[in-house]
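**Q** Let me begin by handing over the structure; questions about it come next.
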Amino acid sequence: MSLSRWASNLRPKKLPFRRRLTRASVALIYRTTESGRTELLFIQRARREGDPWSGDMAFPGGRLQTEDATTRAAAERETLEETGVDLNRHGAFQARLSDLLTRHHSRWRPMVVTPYVYEWQGPKNVSLNHEVQRVVWVPLAYLADKENQGRLPWRTPLGTLNMPCCRYQNYCIWGLSYSMLQELLRSRLTDT
């Protein structure tokens, strides 16, 4: 089943208190190559001192601003700013995934992140801003393969945690991005 056909069966979880917290959103963007392979877009965050997720793989997105009418609009604006990928012109909205609770990068205050899924139907070129080091398209079949799942040791003040992850070439997808990816894969694979 194509990604666009499974979207109608999704039942994302919405956190009941989300409107009282800082909000952010991201875009999970997939495309179908000329050979028929489905790929998912990831960004590698630019390396910046003081950023705990510096250099990590992520989906484009960011915090809701006053000019954003919705969190979906924020995901579209942030994607355009970070990558030059214009979802309003060349993206077909597919689905909303479940809210995730996290914290601000530099603070311990909670923040709700909402992921949105789009099919990309536009040009291949990107225009990266200072927040993004590179864009990487990863085959969805690779991401779904259990052989490519692993663990990432993550040091905390309370000890080391072994976080689930997926490694692709020299990249590691973990944390919130990994959680969003797993929901996407579970939903898609359940409906195939």
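The values are calculated or read from the model by the stated rules, or taken from the named source; none is laboratory data. Given the structure is predicted, the values throughout are model-derived calculations rather than measurements. As a convention, Cβ positions derive from the backbone with ideal geometry for all residues, glycine included, and neighbour counts pool all protein chains shown. SASA here: full protein model, heavy atoms, side chains in, ligands and nucleic acids out. Shrake-Rupley method; radii C 1.70, N 1.55, O 1.52, S 1.80 Å.
**Q** Would you kindly derive the ³J(HN,Hα) couplings of the stretch 73-86 from the backbone phi angles with the Karplus curve 6.51 cos²θ - 1.76 cosθ + 1.60 (θ = phi - 60°), listing them in order in whole Hz, with x for Gly and Pro?
**A** 4, 5, 4, 5, 5, 4, 4, 5, 4, 7, 10, x, 7, 9
**Q** Another question about this same structure. Just the number, please: carbon plus sulfur as a percent of the accessible area of the stretch 116-192, 1.4 Å probe, no ligands or DNA/RNA counted.
**A** The C+S portion of the solvent-accessible surface of the stretch 116-192 is 49 percent.
**Q** Compute the length gained on full extension between residue 141 and residue 171: take 0.36 nm times their separation in residues and subtract their Cα-Cα distance, giving the result in nm to one decimal.
**A** Taking 0.36 nm per residue and subtracting the Cα distance, the gain is 9.2 nm.
**Q** Note down the accessible area of residue 26, probe 1.4 Å, to the nearest 10 Å².
**A** Roll a 1.4 Å probe over it and residue 26 shows about 20 Å².
**Q** Kindly rank 153-165, 118-130, 29-41 from highest to lowest mean number of other beta carbons found within 10 Å of each residue.
**A** Per-residue Cβ counts within 10 Å, averaged per peptide and sorted highest first, yield 29-41, 118-130, 153-165.
**Q** A follow-up question, please. Starting from the Cα of residue 124, draw a straight line to each of the aspartates and glutamates and keep only those under 13 Å, dropping any in the same chain fewer than 8 residues away.
**A** Reachable aspartates and glutamates: 34, 39, 86.
**Q** Just the C-alpha atoms of the stretch 69-192: what Rg/Rh do they give, with Rh taken as the Kirkwood radius?
**A** 0.96
**Q** Could you check the spin-label model distance between residue 121 and residue 160? Points 7 Å from the Cα along Cα→Cβ, value in nm.
**A** The two pseudo-label positions are separated by 4.8 nm.
**Q** I'd like the Karplus ³J(HN,Hα) series for the stretch 159-164: coefficients 6.51, -1.76, 1.60, θ = phi - 60°, whole numbers in Hz, and an x wherever there's a Gly or Pro.
**A** Whole-Hz 3J(HN,Hα) from phi for the stretch 159-164: x, 8, 9, 9, 8, x.
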